[in-house]
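Take a look at the following structure, please.
The values are calculated or read from the model by the stated rules, or taken from the named source; none is laboratory data. Just so we're clear, the structure is a prediction, and the values are computed from it rather than from any experiment. Please note: Cβ atoms are built from the backbone with ideal geometry, for glycine as well, and neighbour counts cover all protein chains shown. Accessible surface areas use protein heavy atoms only, side chains included; no ligands, DNA or RNA. Shrake-Rupley method; radii C 1.70, N 1.55, O 1.52, S 1.80 Å.
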Amino acid sequence: METVILAVVIAVVVLGALGGLVVGSRRKKSLPPPPPAAPDITAPPAEPHVGDEAETPRDEARRTIEEVDLPDGSAPVVVEEPAAPEIEIPEPTAGRLVRLRARLSRSQNALGKGLLTLLSREHLDEETWEEIEDTLLTADVGVQPTTELVDRLRERVKVLGTRTPDELRGLLREELLKLVGTDADRTVRTEPEDRKPGIVMVVGVNGTGKTTTTGKLARVLVADGRTVVLGAADTFRAAAADQLQTWGERVGAYTVRGPEAGDPASVAFDAVKEGKEMGVDVVLIDTAGRLHTKTGLMDELGKVKRVVEKHAPLDEVLLVLDATTGQNGLVQARVFAEVVDITGIVLTKLDGTAKGGIVIAVQRELGVPVKLIGLGEGADDLAPFEPEAFVDALIGD
């Protein structure tokens with residue numbers, strides 16, 4: 001009996017040992033191998049981003065709002081004023097004339113050279129005289145002045161007989177000077193004897209350089225030692241007042257202006273009033289210049305003239321014409337002359353494309369002299385008109 005019990009115990013122990021070995025081997029097969037140990041790598045410092053501190057923040061003593069001194073509002077706020085525009089010193093009139101003569105000579109002597117070439121032909125037949133007429137008409141001299149000039153040239157060439165180049169040049173110079181005129185008073189009247197200021201009104205259509213001419217005339221007067229007030233009475237053209245004020249600021253002239261599309265006559269009246277109160281030498285009034293065919297504009301110009309003359313008579317009414325417009329400029333001149341009494345003409349853009357004969361034609365049309373000429377876009381490209389210098393430039397050396 002004991003033997004049987006011992007055998008059973010041994011069998012149980014053997015079976016238990018065998019079961020443990022089987023379970024242990026299964027567990028060893030199901031478990032994955034352990035991963036290899038990763039190397040110890042130190043990460044580089046991160047790039048700083050916007051708002052990051054340059055270093056590790058430290059604990060600092062902080063103040064409460066009660067401990068901070070705040071402004072009480074009593075201290076004045078300092079506002080930096082914009083710098084005043086630098087005032088320019090215009091070029092003296094004498095130096096301007098020398099430079100303008102040279103420019104006129106380069107751009108306008110095609111007429112004179114053409115005439116001298118034709119007159120130098122050995123035989124001046126009818127065909128040649130017709131070519132001379134065509135040359136003069138193409139240069140905008142006008143029909144009647146051309147006829148007069150050709151008739152006088154025919155007569156004098158017939159008397160002279162043999163013609164040397166110097167004789168022809170002298171002959172042509174004399175006849176052109178007769179047409180241009182040397183005895184007219186070409187002074188821009190800005191100094192009345194009995195009062196101050198002198199009053200000048202500038203008229204003309206848009207695009208002729210009217211506002212620019214007003215600004216350039218202010219420079220001429222300042223260069224001659226005069227004080228000037230500008231009246232921006234061209235209230236219908238956008239930025240005309242700004243343009244004129246800019247011209248004035250460059251030479252230290254005060255500009256009187258009104259609201260855009262306001263009453264031009266009111267601005268002109270105020271400009272003369274300011275000029276009298278300030279004691280300046282000259283008031284220049286820039287007027288509106290919409291198309292000369294619009295009756296409203298002509299009525300407005302007449303009103304401006306009447307209102308200004310409540311202060312004092314106008315000393316000058318200058319008509320600005322674009323020399324490149326030719327015969328259309330003569331149409332403009334007639335219309336303006338019917339509304340205001342034109343006392344002088346300013347020819348602008350007489351540089352390159354313009355034909356010099358317009359000087360003769362417009363003077364003959366209006367019966368008033370050309371007083372100023374503009375030969376470019378520069379600030380000092382406006383000068384008094386000199387007949388001798390003009391004719392010499394036309395026929396060349």
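Among Asp234, Asp315, Asp281, Asp224, which is the only one that is buried (at least 23 other Cβ atoms within 10 Å of the Cβ) and closer than 25 Å to Phe385 by Cβ?
After ruling out the rest, the residue left standing is Asp234.
If I filter region 182-195 for residues that are more than 32 Å from the chain's Cα centre (by Cα) and surrounded by 15 or more Cβ atoms within 10 Å (Cβ to Cβ), do I get at least one hit?
Scanning region 182-195, I find at least one residue that is more than 32 Å from the chain's Cα centre (by Cα) and surrounded by 15 or more Cβ atoms within 10 Å (Cβ to Cβ), so the answer is yes.
If we keep just the residues of region 353-375 that are closer than 22 Å to Lys113 by Cβ and in a loop (DSSP other than H, G, I, E, B), which is modelled with the highest pLDDT?
In this case the residue turns out to be Gly357.
I've got another one for you. Would you confirm whether or not region 367-386 contains a residue that is free of Cβ contacts under 8 Å to residues at least 60 places away in the same chain, more than 26 Å from the chain's Cα centre (by Cα), over 23 Å from Ala218 (Cα atoms) and surrounded by fewer than 19 Cβ atoms within 10 Å (Cβ to Cβ)?
yes
Show the residue pairs meeting these rules: Cβ distance below 8 Å; 6+ apart or different chains; first residue within region 111-139 and over 14 Å from Leu168 (Cα atoms); second residue β-branched (Val, Ile, Thr) and open to solvent by 70 Å² or more (accessible area, probe 1.4 Å).
Between residues of region 111-139 that are over 14 Å from Leu168 (Cα atoms) and residues that are β-branched (Val, Ile, Thr) and open to solvent by 70 Å² or more (accessible area, probe 1.4 Å), the close pairs are Leu137/Val143.
Just to be sure, is Arg195 modelled with pLDDT under 95, part of a loop (DSSP other than H, G, I, E, B) and closer than 26 Å to Leu330 by Cα?
Criteria not met by Arg195.
Shifting gears a bit: Give me the residue from region 145-175 that is of a type in the set (Val, Ile, Thr), assigned to a helix (DSSP H, G or I) and open to solvent by 30 Å² or more (accessible area, probe 1.4 Å) and, out of that set, nearest to Ala393 (Cα to Cα).
That would be Thr147.
Has region 220-240 got at least one residue that is of a type in the set (D, E, K, R), touching a Leu at 6+ places or on another chain (Cβ under 9 Å) and farther than 21 Å from Asp270 by Cβ?
Checked against the condition, which is being of a type in the set (D, E, K, R), touching a Leu at 6+ places or on another chain (Cβ under 9 Å) and farther than 21 Å from Asp270 by Cβ, region 220-240 yields no hits at all.
Assess whether Leu291 counts as being of a type in the set (A, V, I, L, M), open to solvent by less than 30 Å² (accessible area, probe 1.4 Å) and modelled with pLDDT under 90.
In short, no.
Inside region 202-220, can you point out the residues that are open to solvent by less than 10 Å² (accessible area, probe 1.4 Å) and farther than 15 Å from Thr246 by Cα?
Hits for region 202-220 are Val202, Val203, Gly204, Thr208.
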